[in-house]
Amino acid sequence: MVDFDVGVILPAAGSGERLGGSTPKQYCKILDKPLFLHALESFENISYVRHIVLVVDDPANVEALLQESNCPKVLVVQGETTRHRSIRAGLQALSKLDCELRVVIVHDAVRPIVPSDLVEQLVKAANENGAAGSVCPLISTVLSAESDGSLQTALDRKSHLASETPQAFQMNVLLSSYNKCTEEDLDCGTECLQLALLYAGVHARLIKGSPNDLWKVTLHRDLHMATECLRERSNSVCIMATEDSEPAKLLSESLASHVQRVERVLTSNEDSVSRSSGQIFNNIIFFHASQIDMESPLLNFSSLFDLDNQGLIIHVLEQGNAEELQTMNVYDLQLSGQRMARQYQKLKKGVVVIHCLDNDTDSTNLVRLVTSLLKAHPFSLSGQTLFL
């Protein structure tokens, strides 16, 4: 538990040249939000974070982008020409806002995943030690080259680590470090932990994080990874089925490691919704014995729908009637799916129907299909009817 106030500096003033294109990477849209907003909202939701300074290249533009977001802790300030100069600008603004802050976090705004448990570890370690940084094992061997481009030496990966963010510092340690550092440090340096060591004599505590969390968007391909990772982490799934539905049980167990939250709600009686946790979900999976009751999901279970976030409604017919389907042509199935898609669009939900034609269908195939659907954009297959 953190019982003191913490500030955050989010540098987001870079040009993102390695990404390519005309739009700086911090403004690229990921799940309908600018990239920087994902990290910002994560820190907004941490109770002990009192102030967040967002350092940007165009404050007026960013303030306009933030008008539709609930970010009361944020102050937007003008960035400068280098990373260290921008962080210093953010630090100066933060110190003017609140001189009582004990710890300050520095985190790259283009790192969209902010593990709250790691942040707490870093804050506590910085409070005790002066500074703390998150690290990951090196993936590639690092080479040192001669001036002519030939190999000088190769570093031992076991003795070196990759420095990541978030990093945390006692407020006075980081202020002192930036007040004492040189113009060359400000122009060429990138590592805040090194400044704390050189100018405050603080040996930062290094805390290992997960490479699955501690990465930043640098190249264009990283945007696709960010989209998939954030969608998976933001997904909450409610599975509505009878108690004896084995596929529903298997699906619930499998999705637990792929989504933020999953809950099974039994549909064997009328008060099934009231017996749920009371939370809302952006994805709902209905298991049906033989046919879909189109009105029931919308009217009786609408209290479960998260209407602020896009999601998918999946109808699974466990005991598909192959003979009955043979009497329907492809056009009829297509029209039925389109009608459902229009009906659910007002809930910001896509809809997919899955028919299990064989009662002995392997449940693992159903799990794979549903998992892949939840990872895709909710409207990419909306209105489609699929068969297993």
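Test Val8 against the stated conditions and say whether it is in contact with a Ser or Thr (Cβ under 6 Å, 6 or more places away or on another chain) and either over 23 Å from Glu228 (Cα atoms) or not in a loop (DSSP other than H, G, I, E, B) (or both).
Details: in contact with a Ser or Thr (Cβ under 6 Å, 6 or more places away or on another chain): no; either over 23 Å from Glu228 (Cα atoms) or not in a loop (DSSP other than H, G, I, E, B) (or both): yes.
So Val8 does not fit the description; no.
Given the residues Leu250, Leu223, Leu206, Leu219, which is the only one that is open to solvent by 20 Å² or more (accessible area, probe 1.4 Å), in contact with a Lys or Arg (Cβ under 7 Å, 6 or more places away or on another chain) and modelled with pLDDT of 85 or more? Reasoning before the result, please.
Working: Leu250 fails: in contact with a Lys or Arg (Cβ under 7 Å, 6 or more places away or on another chain); Leu223 fails: in contact with a Lys or Arg (Cβ under 7 Å, 6 or more places away or on another chain); Leu206 fails: in contact with a Lys or Arg (Cβ under 7 Å, 6 or more places away or on another chain).
It is Leu219.
Residues that are assigned to a loop (DSSP other than H, G, I, E, B), open to solvent by less than 20 Å² (accessible area, probe 1.4 Å) and aliphatic (A, V, I, L, M): does the range 24-34 have at least one? No, that holds for no residue.
Residue-level check: of (1) open to solvent by 20 Å² or more (accessible area, probe 1.4 Å); (2) under 29 Å from the mean Cα position of the chain (by Cα), Val135 misses just (1). For the range 37-94, filtered to residues that are of a type in the set (S, T, N, Q), in a helix (DSSP H, G or I) and at pLDDT 95 or above, the residue that is surrounded by the most Cβ atoms within 10 Å (Cβ to Cβ) is Ser86. If only residues of the range 155-203 that are β-branched (Val, Ile, Thr) and crowded, with 21+ Cβ neighbours inside 10 Å are counted, the one that is farthest from the chain's Cα centre (by Cα) is Val202. Being farther than 23 Å from Arg233 by Cα, at pLDDT 80 or above and assigned to a strand (DSSP E or B) is a condition met by no residue of the range 322-340. Taken residue by residue, the range 115-128 has no member that is in a loop (DSSP other than H, G, I, E, B), open to solvent by 30 Å² or more (accessible area, probe 1.4 Å) and not aliphatic (A, V, I, L, M). In the range 226-247, which residue that is of a type in the set (Val, Ile, Thr) and crowded, with 19+ Cβ neighbours inside 10 Å is farthest from His288 (Cα to Cα)? By that ranking, first place goes to Val237.
Please note which strands (runs of 3 or more DSSP E) are completely contained in the range 149-263 and include at least 1 residues that are in contact (Cβ under 8 Å) with a residue 40 or more places away in the chain. If you could, list the steps in order and put the result at the bottom.
Numbers: elements: 151-154, 161-170, 205-208, 236-241.
Those strands (runs of 3 or more DSSP E) span 161-170, 205-208, 236-241.
As a summary of the residue check, His51 satisfies the conditions (1) closer than 25 Å to Glu128 by Cα; (2) without any contact (Cβ under 8 Å) to a residue 40 or more places away in the chain; (3) not small (Gly, Ala, Ser) except for the one numbered (2).
The values are calculated or read from the model by the stated rules, or taken from the named source; none is laboratory data. Everything numeric in this text was worked out from a predicted model, so none of it was measured. Positions of Cβ are generated from backbone atoms using ideal geometry, with glycine treated the same way; all protein chains shown enter the neighbour counts. With ligands, DNA and RNA removed, areas are computed over all heavy atoms of the protein, side chains included. Shrake-Rupley method; radii C 1.70, N 1.55, O 1.52, S 1.80 Å.
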